[in-house]
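The values are calculated or read from the model by the stated rules, or taken from the named source; none is laboratory data. Just so we're clear, the structure is a prediction, and the values are computed from it rather than from any experiment. Cβ: placed from backbone, ideal geometry, glycine included. Neighbour counts: every protein chain shown.
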């Protein structure tokens, strides 16, 4: 079964409220990361970016979840995440309310930054991160 078929089957099994939340999350991820590839692992939908898992998302009886929201991503979005239940690495969106698409897009962009090694810090910290990344790329090219 292809990842897309597995995702469609997962959505088909969800309640209408959960399906609505999952659809919003899926569309928001696609909008923020058009080059991300749809995947299906750990029995839940996901997206991959540059070969790494960008985000997993899932629906439960009373909420939809987005994983992983950890480390720099959580710190960078702490203010935006207030008001949402969060577990270790998870943000939960209650099914009784619409999923905040703009927040999902922010999470996606923060995760892409984490995957690509960009800093969420000051401009100086971002420059240091770019310099390290460029140095690693130059060393790899020289090998």
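From the list 66, 22, the lone residue that is under 12 Å from the mean Cα position of the chain (by Cα) and buried (at least 21 other Cβ atoms within 10 Å of the Cβ) is 66. Test residue 54 against the criterion of being modelled with pLDDT under 95 and either under 20 Å from residue 1 (Cα atoms) or surrounded by 13 or more Cβ atoms within 10 Å (Cβ to Cβ) (or both), and give yes or no. When the stated conditions are applied, residue 54 does not pass them.
Listed by first and then second residue, the pairs linking a residue in segment 75-90 that is at negative phi and surrounded by 13 or more Cβ atoms within 10 Å (Cβ to Cβ) to a residue that is part of a loop (DSSP other than H, G, I, E, B) and modelled with pLDDT under 90, with Cβ atoms under 6 Å apart and 6 or more places separating them unless they lie on different chains, are 76/120.
When segment 25-42 is filtered for residues that are in contact (Cβ under 8 Å) with a residue 24 or more places away in the chain and either over 20 Å from residue 1 (Cβ atoms) or in contact with a helix residue (DSSP H, G or I) (Cβ under 6 Å, 6 or more places away or on another chain) (or both), the ones remaining, listed by number, are 25, 27, 28, 29, 31, 32, 33, 38, 39, 40. Return the residues of segment 70-97 that are within 20 Å of residue 60 (Cβ to Cβ) and not in a strand (DSSP E or B); say none if nothing qualifies. Within segment 70-97, 70, 81, 83, 84, 88, 89, 95, 96, 97 meet the criteria. Highlighted here are the strands (runs of 3 or more DSSP E) found entirely within segment 1-67 that include at least 1 residues which are out of contact with any strand residue (DSSP E or B) (no Cβ under 8 Å at 6 or more places or on another chain) and over 22 Å from residue 102 (Cα atoms): 52-59.
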